[in-house]
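Below is one structure, written out as structure tokens, with a few remarks after it.
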Amino acid sequence: MNKALIKKITLSMIGILIFCIGSYTFVKFNYIEGPNQVLSGPEKAGRERFEYLSNLDDVNKEIIQMTSQKIESDQLKELIKGGKGSFTPAYLNTLGFDLAPYYRTLTVENIEYVEEYVKKLGLDSDKEDYYLSFLEEWKGGDYSRLVEVHKKLFQEYAFFTNGREFKEIDDYRLTTAEEENAFLDYYSLNNKEG
């Protein structure tokens, strides 16, 4: 091969490499805001934990997973573990959920992150008010509507084609402190940040 051709190929490869590195760096450190991305303000600092939230389904999934630590159900326990165990296990990932060790815990900080996303989704005012009202209650430690909200969002979100029997669960209740701690300990979430 002649030297001019080798030089062109080398320069082309260097150009492609620089482009790839630059693109990666831009995507990693500079988020473009738009209707489907809501990364600014307080949630930008925590984007690593909530970066995938971009629509209402993502928010619902996150709320369901965060509230799972406070939900108890003998029917769910029976479906997943044959009725055994001191707590209701996490939902199966075949229903569209993350593996339980990746769940975020129901903390004020995490609720605030979700709240920021809800505000930026452009929901109609009734739906936004609904979400913000129960999130505000939970920030204050009032979980009186948690079971109702969890069940409603679960019914709307879960992929029931992979488990129709989960749709029929009707015995949800709030956990006791012991049940909640057993859930958190089992999935190593008790001392997990986020």
> Once fully extended, how much extra length lies between LEU99 and LYS81, figured as 0.36 nm per residue of separation less the alpha-carbon to alpha-carbon distance?
Replying inline: 4.9 nm
>> I'd like the FRET efficiency for THR107 and CYS20, computed as 1/(1 + (r/R0)^6) with the beta carbon distance as r and R0 of 41 Å, rounded to 0.05.
In response: 0.60
>> Report, in listed order, any pair from LYS119/LYS152; LYS84/LYS152; LYS77/LYS139; LYS81/LYS119 with a Cα-Cα distance greater than 31 Å.
In response: LYS81/LYS119
> Hey, got a sec? Which trypsin sites (Lys or Arg not before Pro) in segment 53-159 land in a DSSP loop and have at most 11 other Cβ atoms within 10 Å?
Replying inline: LYS84
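No value in this document is a laboratory result; all are computed from the given coordinates. Remember, predicted model here, so these are calculated numbers, not experimental data. When we count neighbours, we look across all protein chains shown, and the Cβ atoms used for this are built from the backbone with ideal geometry, even at glycine.
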